[in-house]
Each structure stands twice: as C-alpha cells, then as structure tokens.
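Reading through the structure tokens given below for one structure.
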Amino acid sequence: MYGRSCFLYLIISTWVLLLCSCKETEPKKDSRDIKDQIVATYKSNKLFYSDIEPMISSFTSSEDSTNLVSGAIDRWTKEVIFLEEAKRVIDQNEILDLVEDYKNSLILDRFENKLINEKLDTLISDQELLKYYNSNKSEYKLDGPIIRMLFAKFSKPQKEQKMFEDLWSNPTNSNLLQLQKFCQNNAETSLLKPDKWQKWNDIQNNFPDRLISLNTLYKGMNRQFADFKYVYYTKVIDIVLPNQDPPLSFVKEQARESILHQRKINLINQFKIQFYENQLKQKNIK
C-alpha cells in the first residue's frame with residue numbers, strides 16, 4: 001500500500017512538472033500528449049489529465065499541485081466505484097424507461113409551446129371577459145377588503161397647503177398628474193391612482209390606527225386628519241368587503257389568464273384530433 005502511494009505520488013508529481021514546463025515554453029502543434037493522457041482508470045471509466053488541469057492552473061508550488069491532483073483522483077475513483085456498484089444493483093431498464101418518458105415529455109412540451117406561440121388567438125374582448133366573469137363568479141373570492149382611494153400624508157408644517165388642496169378638491173386627469181408630481185416632491189407617502197384597486201391589508205400600515213381604520217372607511221368618504229406630526233388626506237372612491245363579489249376590474253387579469261388557459265387546452269386537443277384523423281385517412285392506424 002505504501003509502495004502504491006509513493007508510485008502514485010511520483011506519477012502526479014511528474015504530470016505537474018510537465019505542465020510547468022509546457023507553460024514556460026511555447027506549445028507545439030503536436031504537443032497534445034499531456035492533456036490527452038489518462039491519469040486514472042477504473043474498469044471502462046477513464047480520467048484524463050485535461051479533466052483535472054483547471055484546478056492546478058494557478059498553483060503556487062508543485063507540492064501544492066500534487067496534493068490537489070491526488071485528492072481529485074481519489075474523489076473521482078470513489079465516485080466511479082460507487083456508480084458502478086449502483087449500476088450493478090439497480091435495474092437500468094427502469095432508468096432507461098424513466099429517461100425515455102422524460103425525453104418524450106420535453107418533446108411534447110416544446111411542440112405544444114410551438115403550436116401555442118404560432119396558432120393561439122390571444123385577443124379577448126371586454127364582452128367575452130364579462131361573460132366569463134359572470135359565469136365564474138364563485139371562483140373569485142376576496143381574502144380581505146379591497147379599496148379604490150386617494151391618499152396623501154404630509155409632515156407638519158405642510159408646504160404649499162393651498163396649492164395641494166385646490167388640486168385635491170378637483171382631481172381631474174390633469175390635476176391628478178400635478179398632484180402626483182406635487183406629492184412626489186412633498187408628501188411622506190401617497191396613493192394617487194383612483195382606478196386601481198388596492199388590498200387593504202397591503203396599505204393599512206400607511207394609516208394611524210387611532211385615526212383611520214377599516215370600520216371608519218366608507219364609499220364617498222373625503223376627510224382630513226391630523227396628529228402631532230402629520231396631516232392625512234383620505235378620499236374613498238369605492239370599497240368592497242370579503243363577503244361581496246369583487247369587481248371585474250380587480251380580477252380582470254386572472255379571468256384573462258383563465259380564458260387563455262382554456263384556449264390552449266382546446267387548441268392542443270384540436271391538433272391531436274386533426275393529426276389523428278390525418279393518419280386515419282392515410283390508413284397508418286391499424
């Protein structure tokens with residue numbers, strides 16, 4: 001055992017010295033002898049020097065490199081012996097069946113995606129969305145209140161209060177743009193998208209509990225609150241509670257995805273039938 005270890009050490013040391021000499025001289029066109037050499041074998045498995053060369057490309061000494069290469073060969077040998085034992089014990093036909101199934105699923109997946117990308121109609125009218133929503137309302141349940149509102153929070157003293165309140169009192173499209181710019185520069189935080197439904201659970205931390213809570217909010221509410229540090233402006237455009245049906249605008253994307261998903265299923269089934277009928281006509285099915 002000691003003699004074998006010494007012999008292996010001498011072989012590895014020789015490889016390292018050869019690599020050093022190759023680095024110091026310009027490689028010749030036919031100098032492929034080092035990288036193509038086998039440094040370890042087990043049955044039909046072979047470890048080439050090119051497999052372990054990267055780990056010693058930045059070595060500081062031949063002794064360090066020898067230890068690295070020796071460790072790499074040792075790990076490789078253990079792995080291939082373990083693999084060969086696994087091949088002896090495990091039924092490889094079962095593995096081949098699994099590989100074939102996986103290969104077929106990948107091919108089918110790629111083919112289906114190709115058909116969908118090329119053939120699927122992705123245009124969905126508002127009328128179709130509404131019809132789908134009305135037929136599937138039970139699928140869309142709220143896990144908490146949702147709200148459409150305008151909200152702004154300012155530190156005291158509030159800068160240019162009159163300018164803000166003039167815009168706030170008349171939130172037309174043009175005034176909304178000015179409000180958004182004003183709040184971006186002056187407000188601590190703000191919500192200024194009146195058409196967007198917000199989940200109350202996501203935004204309630206913006207409000208002081210003792211001044212504003214879900215129980216105090218109602219549709220049409222327009223109030224100003226203040227504490228020692230801040231001024232709050234709140235305008236509730238609409239609010240929907242969990243026991244109510246969510247508006248279509250809130251679930252529009254979900255409904256759209258559901259419609260497209262069903263279209264994909266129908267499209268693939270149509271092609272399956274088409275291919276099947278073509279093969280029947282060609283009398284390729286027996």
How many of the residues making up the stretch 66-101 are of a type in the set (Phe, Trp, Tyr), surrounded by fewer than 14 Cβ atoms within 10 Å (Cβ to Cβ) and touching a residue at least 24 places away in the same chain (Cβ under 8 Å)? 0
Restrict the check to the stretch 47-54 and report whether at least one residue is in contact with an Asp or Glu (Cβ under 9 Å, 6 or more places away or on another chain), exposed (fewer than 15 other Cβ atoms within 10 Å of the Cβ), closer than 30 Å to residue 87 by Cβ and modelled with pLDDT of 55 or more. yes
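Restrict the check to the stretch 142-161 and report whether at least one residue is farther than 30 Å from residue 183 by Cα and surrounded by 10 or more Cβ atoms within 10 Å (Cβ to Cβ).
yes
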When every residue in the stretch 189-246 that is β-branched (Val, Ile, Thr) and without any contact (Cβ under 8 Å) to a residue 60 or more places away in the chain is compared, the one nearest to residue 164 (Cα to Cα) is 189
Going by the conditions given, is residue 106 touching a residue at least 24 places away in the same chain (Cβ under 8 Å) and outside the structural domain of residue 46 (by TED's automatic domain parsing)? no
Just checking, which of 131, 137 is modelled with pLDDT under 95 and more than 24 Å from residue 272 (Cβ to Cβ)? 137
Any hit, the stretch 59-82, residues being of a type outside the set (A, V, I, L, M), at pLDDT 90 or above and closer than 30 Å to residue 260 by Cβ: no
Do the conditions hold for residue 136, that is, is it polar (S, T, N, Q), surrounded by 13 or more Cβ atoms within 10 Å (Cβ to Cβ) and either over 30 Å from residue 176 (Cα atoms) or under 31 Å from the mean Cα position of the chain (by Cα) (or both)? yes
Pull up the stretch 102-133, narrow it to residues that are of a type in the set (Asp, Glu) and surrounded by 10 or more Cβ atoms within 10 Å (Cβ to Cβ), then point me to the one that is nearest to the chain's Cα centre (by Cα). 109
What's the total number of residues in the stretch 118-149 that are of a type in the set (A, V, I, L, M, F, W, C) and free of Cβ contacts under 8 Å to residues at least 40 places away in the same chain? 1
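The values are calculated or read from the model by the stated rules, or taken from the named source; none is laboratory data. Small disclaimer: the values here were computed from a predicted structure and weren't measured. Here the Cβ is made from the backbone with ideal geometry for all residues, glycine too, and neighbour counts use every protein chain on show.
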